[in-house]
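Novice: Quick one: this structure, given as structure tokens, is what I'll be asking you about.
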Amino acid sequence: MKLCMLFVLGILVAITDGMPPISRDLNTHCRCMQVESRIIPPENLKSIKLIPAGPSCAETEVIAGLVSGEVCLNPRAAWVKKLVQFVLERKTKKKGVLPKKKP
């Protein structure tokens, strides 16, 4: 009986030891169950969050922060593709505008 309990305890320790830590930022599933394809006016957009596809979600997710809350955008919609491209280009330009060091 004791041997059985030790075996079960050992399995539980092995299972929980191999699990990733639970974190607020860890994407354990797709966040977007429904996506919106309608065009959102730029004045209503506060932020854009891009979540790349990964092992827990096969789809790239685009979450728009609006004045009234958040909405998931359809990453296949043409206007969303342009918006994502604009955001990525803007992000790379900000990284590339560092002052040059003088020799």
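The values are calculated or read from the model by the stated rules, or taken from the named source; none is laboratory data. Computed from a predicted model, the values in this text were never measured in an experiment. Cβ coordinates were reconstructed from backbone atoms using ideal geometry, including for glycine residues, and neighbour counts include every protein chain displayed.
Novice: Any idea which residue in segment 52-88 is nearest to Val35 (Cα to Cα), counting only those that are part of a helix (DSSP H, G or I), aliphatic (A, V, I, L, M) and more than 14 Å from the chain's Cα centre (by Cα)?
Specialist: So the residue we want is Val80.
Novice: Between a first residue in segment 32-50 that is of a type in the set (S, T, N, Q) and a second residue that is surrounded by 10 or more Cβ atoms within 10 Å (Cβ to Cβ), which pairs have beta carbons less than 6 Å apart while being 6 or more apart in sequence or on different chains?
Specialist: From segment 32-50, the pairs are Ser37/Asn74; Ser37/Ala77; Asn44/Leu66; Ser47/Gly65.
Novice: Pick out the one residue from Leu88, Leu50 that is surrounded by 11 or more Cβ atoms within 10 Å (Cβ to Cβ) and either at positive phi or in contact with a helix residue (DSSP H, G or I) (Cβ under 9 Å, 6 or more places away or on another chain) (or both).
Specialist: Selected residue: Leu50, the only one of Leu88, Leu50 that is surrounded by 11 or more Cβ atoms within 10 Å (Cβ to Cβ) and either at positive phi or in contact with a helix residue (DSSP H, G or I) (Cβ under 9 Å, 6 or more places away or on another chain) (or both).
Novice: Within segment 20-42, count every residue that is of a type in the set (Asp, Glu) and either at pLDDT below 90 or on the phi > 0 side of the Ramachandran plot (or both). Break it down stepwise before answering.
Specialist: Quick first cut of segment 20-42, residues of a type in the set (Asp, Glu) only: 25, 36.
Now restrict to residues that are either at pLDDT below 90 or on the phi > 0 side of the Ramachandran plot (or both): 25.
Count: 1.
Novice: What number of residues within segment 49-72 are modelled with pLDDT of 90 or more and either in contact with a Phe, Trp or Tyr (Cβ under 9 Å, 6 or more places away or on another chain) or of a type in the set (Asp, Glu) (or both)?
Specialist: 2
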